Amino acid sequence: MAVTLALLVVAGAAFFTGSIPTHVLAQSSGEVGTSTSSPRGDPSTSAAAPPMRPPLASPIAAAGANAAPSPAAALGIVDGGMPPPALTPWALLTATAGLIAFHIGLFTLVGRERKSPYIINSVFPIFLICLVVAALALLSVLLPSWLEQLLLKGSAGLLVLTFLFSAIRVYRIAVRSVYFVDSISLKHLPLVRDWRRRKSLKSSRRNYAHNTIPIPDDLKADIVEILSAANAETFEDRKELDPKALALAVQHQGQGNKLLAQLAEAFLRKDFSVQYLTASRHPIEFVGFLKRHLEDRNLTWSNYTRRIVVIDAYSPHFAFLDSIYPKKDRELESLDVECVVSRMTYAGMHTASSHAFNVIQKQVAEKDRRPTLVIYEDAYALTDLESPEQYRIFVRHVMPSERMWDGMFTVFLESAMLDADWRMLQGYASMRLDLRQRSVIPDKGGASPPDKAIPDHPRPEVVAMAASAAELNGLVKDVKP
């Protein structure tokens, strides 16, 4: 439908600008006599009827249907006058319709295949600008000629900016899809990336990112002790894997606060860093809890703030225009904690995590990279705005990559997620802890094998609902038509 509408607009603009010969249109409407030709199409035996008066006084039609147009007529010059202006309202409408049709095709393809609503949302500003350009172009028809050209030139300039903005959007979408980052830079071009990678491999200079201090054994023992104390029955320490990643399921955020604060304390006591990302609440809540937790253990808060970095992935997605969140941002700043604001999408969270990594490097100001506790809290919350597929891509990249980087203990904490996605998450982790008292939300694909934390027998309310449904179904069958 959209492509058909665009073609109609293009055809209408071409008609009004005279790019379609008017004698052809006149022949289709019966205003010009028909011609007869020999069966073999010999032009010498063909006879054409005298041309009628052209409806739009086209110079080509006035010279006759079979006559060759003069050079002046071909240029649109009539009676020695000047050629019509190239910039017309119909030319602008044609270009605007073409741009809209391009975006509809592109965003339908990319947005539907990747199931990312943010890609669709990014086209709205472009459509609004195109509507403004079209409105100004139509308005110029009602204005005097001296003002008409001025308005058309302004509209054309705005349309050029829209094309440039479209090119930037397409480049950003391509970078998100190919590299899973949300930034616009020339370093993402293939040739530039290849050159930078070769330069990095040939360099003999010590690199902070690759000079890693492993997590000490005593800290690993502390981590196991903390997790076992939380729930020894559901805690699983997979000895086959080096303890570098934890999949943690909680019943509510309060459980997460206590356990995350204990893990952060273990790292901070050894002068290591903590990186905390949240997508389900403002980071001030956990930072405030951590501050009280440390002070209750007679630890001075100011001694550890330079080793804490938080990433706010909640506000860009769920804060909207609520005025309380800018105030909480200032409150977080008053606690002397560095905060990185994520961009939308999982690619934006990935980019923000890389930025936080660089912030920690500046904070410690050391040549060797010390161990870091990396927390991702409720990253699954973005599936309401993006898609579960993008979450799975995020997990499948982040967990193995941070294991390879070494010196990181990664925690994925989730409070509500589908059963299939939880099993995928815990499958990538070297440790698993489930603090929920009930099963996760079942997915539509059917039941999965039972967890240890999920009772084998159904809950009483589920049994009662099933019995009521069966009784009602029997009553309906007994009713005769």
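The values are calculated or read from the model by the stated rules, or taken from the named source; none is laboratory data. Computed from a predicted model, the values in this text were never measured in an experiment. Because the Cβ atoms are built from the backbone with ideal geometry, glycine has one as well, and the counts that use them run over all protein chains shown. These accessible areas exclude ligands, DNA and RNA; they are computed on the full protein's heavy atoms, side chains included. Shrake-Rupley method; radii C 1.70, N 1.55, O 1.52, S 1.80 Å.
A few comments on the model shown:
- Inter-label distance, nm, simple model (7 Å from Cα along the C-beta direction), Leu150/Phe163: 2.5
- The length gained by stretching the chain between Val192 and Glu295 to full extension, at 0.36 nm per residue less their Cα-Cα distance, is 32.2 nm.
- Förster radius 60 Å - calculated FRET efficiency between Gln251 and Tyr171 (Cβ-Cβ, nearest 0.05): 0.90
- Heavy atoms of the protein chains alone define the surface here; on that basis the range 257-369 has 45 Å² accessible area per residue at 1.4 Å probe size.
- Linear extension gain, Asp242 paired with Asn121, 0.36 nm per residue minus alpha-carbon span: 39.4 nm
- Amide H contacts of Ile311 (H built 1.01 Å from N, in plane; Pro and chain starts excluded): Tyr276, Leu277, Thr278, Val340 sit under 5 Å, all sequence-distant by 5 or more or on other chains.
- Cα-projected label distance for Leu109 with Leu142, points at 7 Å along beta-carbon direction, nm: 3.9
- Accessible surface calculations at 1.4 Å, restricted to protein heavy atoms, place the range 156-255 at 63 Å² per residue.
- Inter-label distance, nm, simple model (7 Å from Cα along the C-beta direction), Asp384/Leu131: 2.8
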